[in-house]
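Each remark here refers to the structure printed beneath this line.
The values are calculated or read from the model by the stated rules, or taken from the named source; none is laboratory data. Keep in mind that this is a model prediction, so the values were computed, not measured. We place every Cβ from the backbone using ideal geometry, glycine too, and count neighbours over all the protein chains shown. Keep in mind that these areas ignore ligands, DNA and RNA; they rest on the heavy atoms of the full protein, side chains included. Shrake-Rupley method; radii C 1.70, N 1.55, O 1.52, S 1.80 Å.
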Amino acid sequence: MGFFETLADRIDAVDSVVSVGLDPDPSRLPETVTDADLPRWAFNRRIIDVTHEHAACYKPNAAFYEDPDGWRALRETAAYAEGKGVPVLLDAKRGDIGNTARRYAEVLDHVDAITVNPYLGRDSLQPFLDRADKGVFALCRTSNPGGADLQDLELASGEPLYERVAALADTWNANGNVGLVVGATTPDELETVREIVPEIPFLVPGVGAQGGDAEAAVQHGLAERPGLPVDVGLVNSSRGIIFAGEESSRPGDEATYFGAAGDAAKRLRKRLNRHR
């Protein structure tokens, strides 16, 4: 079964399109986990325990794991999420050529999907695309303000670059495993990309701490795919969920701290479901 079939089953089972970003910034971890052997893994385990009932997917960002202990924490995190029945999408934004791309793609042995950078062209993504059972989300129109510096540039054809990326992604989708990253902070462009690729699921960041448009994220981020029980796509929040406990009146109390993350995931699920 392919990634989007697995994801559709998960969305249907928990009635949620919430992607929880697992970005355990060491400078923000609570004291209750800092003495653990692997603090990032200890933090993630507690986050998964309180959010998995509301999560369609977990999205660890590779930047927070790129050291020996970090990779150990990531492997433990992915295995634990799998044990809870939740797929894992590694936000790695990989993209390279030849042997390098093939080696990068080996990370898919340990996770269910990955984000990739399409700007080196199709050959740089082919080792990922060839993994028909894995999801491959290509950056298209990102949620950061500087994304417009390149992604909005007008090509000779008159279309902006992000629209060309969307159209190319459609041609790369022979295995039905391609998705796109399109931010909720640019709702008009989100709608435009959906018109170009009606059946490609989106990963929509920017709804949490970046203040993106939740209604547009759901209306345009989810794709109807033949034979699947639900529309498929993901709306991500990272800091807005995992560090919700920082606003608690008792941040030093572990149950209160992590309970706030569970409550934040539940609220986002309900907020998004109003538009589904």
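Numbers for the structure displayed
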{"read-out": "Tilt relative to the chain, helix 187-196 - C-alpha long axis, 0 to 90 degrees, to 10", "value": "50"}
{"read-out": "In region 1-89, GluC sites (Glu not before Pro) in a DSSP loop with at most 13 other beta-carbon atoms within 10 Å", "value": "Glu66"}
{"read-out": "Computed log₁₀ I(q)/I(0) - Debye formula, equal Cα scatterers, no solvent, region 133-276, q 0.08, 0.14, 0.15, 0.19 Å⁻¹", "value": "-0.26, -0.70, -0.77, -1.07"}
{"read-out": "Net lengthening on full extension, His110/Ser27 (0.36 nm per residue, minus Cα-Cα)", "value": "27.2 nm"}
{"read-out": "Kirkwood-based Rg to Rh ratio, region 3-273, C-alpha trace", "value": "0.96"}
{"read-out": "Residue-wise HN-Hα coupling along region 72-85, computed from phi with Karplus coefficients 6.51, -1.76, 1.60 (Hz; x: Gly, Pro)", "value": "4, 4, 5, 4, 4, 4, 4, 5, 5, 4, 4, x, 8, x"}
{"read-out": "Mean residue ellipticity (222 nm) of the chain, computed from DSSP H runs ≥ 4 via -39,500 (n - 2.57), nearest 500", "value": "-12500 deg cm²/dmol"}
{"read-out": "Solvent-accessible surface (1.4 angstrom probe) belonging to Phe64, in square angstrom, nearest 10", "value": "60"}
{"read-out": "Cα extents of region 182-262 along the three principal axes, largest first (Å)", "value": "48, 28, 14"}
{"read-out": "Virtual paramagnetic centre 7 Å along Cα→Cβ of Arg72, amide N under 13 Å, in region 27-48", "value": "36-42"}
{"read-out": "Helix 39-51 axis, angle to the chain major axis (alpha carbon atoms, nearest 10°)", "value": "80"}
{"read-out": "Rounded to the nearest 10 Å², the accessible area of Lys134 at probe 1.4 Å", "value": "30"}
{"read-out": "Carbon + sulfur, % of accessible area of region 135-204 - ligands and nucleic acids excluded, 1.4 Å", "value": "52"}
{"read-out": "Euclidean distance of C-alpha centroids, region 76-142 and region 240-276, integer Å", "value": "28"}
{"read-out": "R0 of 30 Å, Cβ-Cβ distance Glu224-Glu53: FRET efficiency to nearest 0.05", "value": "0.75"}
{"read-out": "Heavy atoms of Ser27: accessible area, 1.4 Å probe, square angstrom to 10", "value": "100"}
{"read-out": "Loop sites in region 192-276: GluC sites (Glu not before Pro), DSSP, at most 15 other Cβ within 10 Å", "value": "Glu199, Glu224"}
{"read-out": "Order of exposure, largest accessible area first, which applies to His275, His110 with probe 1.4 Å", "value": "His110, His275"}
{"read-out": "Estimated FRET transfer efficiency when R0 is 45 angstrom, pair Asp152-Glu247 (beta carbons, to 0.05)", "value": "0.85"}
{"read-out": "Of the chymotrypsin sites (Phe, Trp or Tyr not before Pro) in region 195-276, those whose Cβ has at most 15 other Cβ within 10 Å and which sit in DSSP loop", "value": "none"}
{"read-out": "Cα-based helix-to-principal-axis angle, 3-14 vs the chain, degrees rounded to 10", "value": "50"}
{"read-out": "Which of Tyr58, Tyr119 is most accessible, then next, and so on - probe 1.4 Å", "value": "Tyr119, Tyr58"}
